[in-house]
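Please treat every number below as a calculation from the coordinates, not as lab data. Just so we're clear, the structure is a prediction, and the values are computed from it rather than from any experiment. Cβ sites come from the backbone with ideal geometry, for glycine too, and all protein chains shown count toward neighbours.
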Amino acid sequence: QVQLVESGGGLVQAGGSLRLSCAASGASGRIFSSYTMGWFRRAPGKEREFVADISWSGGRTYYAASVKGRFTISRDNAKSTVYLQMNSLKLEDMAVYYCAAVRFGSLDQALASTSDYTYWGQGTQVTVSS
């Protein structure tokens, strides 16, 4: 069983940057490296939406159009951690951000649906001020 814990959320001014981290426990090294990792977010009054994902091989990344060019997903399998670097933050980025994982997943296609993932973190709040 894999447990995911997000961190790095907080208050940031529009135009600023923030880096989120998602640490996995119960999986490390080669085990963690076999999981596709994703980031989702839930804004107030909205459904949870896809942000980005990265394949277990690290060879494929995919971003929602709303964040492409501003956010970067990366992973450090040695640390069993996935990151989301968020730059040029906008008010619309304010949400609770969730980390998700699924064993292997897809090497060819993005996993952009909540139903694609098996494990979820509890979320970390990102607040963007004007």
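Listed values, structure above:
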{"quantity": "Net +/- balance of residues flanking Ser88 in space, Cβ distance below 13 Å, scoring K and R +1, D and E -1", "calculated": "+1"}
{"quantity": "Potential lengthening between Ser33 and Gln85 on full extension [0.36 nm per residue; Cα-Cα distance subtracted]", "calculated": "16.8 nm"}
{"quantity": "Rounded to 5, the percent of DSSP beta bridges in the chain classed as antiparallel", "calculated": "90"}
{"quantity": "Beta bridges per DSSP with both ends in segment 22-99, % antiparallel, nearest 5", "calculated": "95"}
{"quantity": "Cα-Cα pairs of segment 9-55 separated by more than 18 Å (percent)", "calculated": "50"}
{"quantity": "Cross-link partners of Lys79 among aspartates and glutamates (Cα-Cα below 19 Å; sequence separation of 8 or more within a chain)", "calculated": "Glu6, Asp53"}
{"quantity": "Qualifying lysines (Cα of each under 23 Å from Cα of Lys46; at least 8 residues distant if same chain)", "calculated": "Lys68, Lys90"}
